[in-house]
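Step one of this worksheet: look at the structure below.
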Amino acid sequence: MQKSIEALRGVLLAGFASCILTHPLPGQSPPDSAARAPIDVNILFNYYTQEGNHSAVTGGIGTEELTDYDTRVIVLIPVDSTSRLAAEAGFNTYSSASTDRIDSRMSSASSSDIRATIQLGWEQEKPETRRSYSWGMGGSVESDYLSMNVRGSYYLPLKADRSALFVDGQAFFGHWVLYFPEELRDTVQPFITTDRRFSYHLNLQYQRILNRRTSLAVSSGFSYQHGLLSTPFHRVYFPEEELPRIERLPAQRWQWPVSLRLHYFARSGLVTRFFYRYYIDGFGIQAHTAELELPLKLSPTFTLTPIYRYHRQSASNHFQPYLGHMADAVFYTSDFDLSAFSSHKVGLGMQFHPIWRWRLLGKRKLGELSTFILRVAHYRRSDGLRAWMGSMLWGWAF
């Protein structure tokens, strides 16, 4: 699956995950204790469709048409007054005119794929200090890639809960099932010496209440990847060469993001959420991202949230468009996700909380549909890529 859809899905899921799993900023209400907290079941559905004319599968030219459906179920189960179990299962399927070009026969097996994921985790809080930690593990499988991961985090309140430090680490262990473009399957690719990919991520976040209306979070981290970082079925075309080559990228890559998140409660019912991130990596990419959300609480149960996101990045040192590489290039890609571009995302979110409750014989509460969130967005990139995306989250409490 192309990296662009993974990145865009991450943007959507990050907003919902913050509602489900992450710690609030200091000064916000802490999670309820297990003695009064129900079992939370969150069902998330994502739809994504895109079109463009710079497919990496066909060397930076050709259709990027793709449609993806993603469903996830996240369950949080209180175990006792200080701990809870988290479980997540996901399933997504996509159809892609782009990856269908791995083979010359149209509508081949590569035109669609299915990905399944599962995550299990444990969260523990110490009530006397409000410190907490969590750990988890999981994996995913699709036709050409298998992955396992482990993660851990630690949350430390500081200065009478007006500030806090959050540390999060993850490690991914991936295994490629090597698929090559049809016309290159009998050629020798001497630079492919491994079918493994390893990724390690460490993130530090400092959160602080500045005053009764303003809170901020400053984050920085570091990521390191090694192994097969190129995609085996991405073609790269060279001048005066009859056959293409397979994408080749360095076997190591580091990434360093720094971000600032600012929440300002302008007045009753209106919040301004501003996010900025600077990014640099070992492939030579530098990027700036700014995002603004304006949640407006129109009633006790309904919130409307306009969303705007701008992103601009420079090209990787290893990127050139179709027929743009020199014959003696050591590393090369025509994947426009690694090109210089700017993008705009405009969207709208709606949140209802709570919706309704149901009871047994009018006395005992059995549960409630606690939250419903709907988000839709349109994405435009300067290289011609266009995408629509939509997400729905149902939050059930039992």
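The values are calculated or read from the model by the stated rules, or taken from the named source; none is laboratory data. Quick caveat, the model's predicted, so the values are computed rather than measured. Here the Cβ positions follow ideal geometry from the backbone for every residue, glycine too, while neighbour counts run over all protein chains shown.
For this structure, a couple of remarks:
- Options Tyr145, Tyr154, Tyr179, Tyr200; residue that is closer than 29 Å to Gly282 by Cα and in contact with a helix residue (DSSP H, G or I) (Cβ under 8 Å, 6 or more places away or on another chain): Tyr179
- Selection from segment 241-272 of residues that are in contact with a Pro (Cβ under 8 Å, 6 or more places away or on another chain) and under 27 Å from Gln351 (Cβ atoms): Leu270, Val271
- Residue selected from segment 105-142 under the condition surrounded by 15 or more Cβ atoms within 10 Å (Cβ to Cβ) and within 20 Å of Glu64 (Cβ to Cβ), by the criterion modelled with the lowest pLDDT: Ser110
- Within segment 146-186, the only residue that satisfies the criterion of being under 25 Å from Asp113 (Cβ atoms), loosely packed, with under 14 Cβ neighbours inside 10 Å and in contact (Cβ under 8 Å) with a residue 60 or more places away in the chain is Glu183.
- Once segment 207-234 is narrowed to residues that are of a type in the set (Gly, Ala, Ser) and closer than 13 Å to Ile192 by Cα, the residue that is surrounded by the most Cβ atoms within 10 Å (Cβ to Cβ) is Ser230.
- Index of the failed condition, Glu64 passing every other in (1) at pLDDT 90 or above; (2) in a loop (DSSP other than H, G, I, E, B); (3) under 17 Å from Thr117 (Cβ atoms): (3)
- Residue within segment 185-197 that is over 30 Å from Ala160 (Cβ atoms), under 21 Å from the mean Cα position of the chain (by Cα) and at pLDDT 95 or above present: yes
- Set side by side, the residues Ser370, Ser339, Ser299, Ser391 differ, and just one is at pLDDT below 95, buried (at least 19 other Cβ atoms within 10 Å of the Cβ) and closer than 27 Å to Arg261 by Cα, which is Ser370.
- Residue within segment 319-328 that is out of contact with any helix residue (DSSP H, G or I) (no Cβ under 6 Å at 6 or more places or on another chain), of a type in the set (D, E, K, R) and closer than 21 Å to Tyr379 by Cβ present: no
- When Phe319 is tested against (1) under 17 Å from Gly60 (Cβ atoms); (2) at pLDDT below 95; (3) of a type outside the set (S, T, N, Q), only condition (2) is not met.
- Close pairs from segment 207-232: first closer than 21 Å to Asn149 by Cα, partner modelled with pLDDT of 95 or more and among the basic types (Lys, Arg), Cβ under 6 Å, at least 6 apart: Gln225/Arg253; Gly227/Arg196; Gly227/Arg197; Leu228/Arg197; Leu229/Arg253; Ser230/Arg248
- Filter result for Lys126 (more than 25 Å from Arg253 (Cα to Cα) and free of Cβ contacts under 8 Å to residues at least 12 places away in the same chain): no
- From the options Tyr48, Tyr133, Tyr69, residue that is in contact with a helix residue (DSSP H, G or I) (Cβ under 8 Å, 6 or more places away or on another chain) and assigned to a strand (DSSP E or B): Tyr48
This table checks each residue for (1) surrounded by 14 or more Cβ atoms within 10 Å (Cβ to Cβ); (2) more than 30 Å from Ser98 (Cβ to Cβ); (3) under 22 Å from the mean Cα position of the chain (by Cα).
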| site | (1), (2), (3) |
| --- | --- |
| Val236 | yes, no, no |
| Pro239 | no, no, no |
| Leu249 | yes, no, no |
| Ser268 | no, yes, no |
| Asp281 | yes, no, yes |
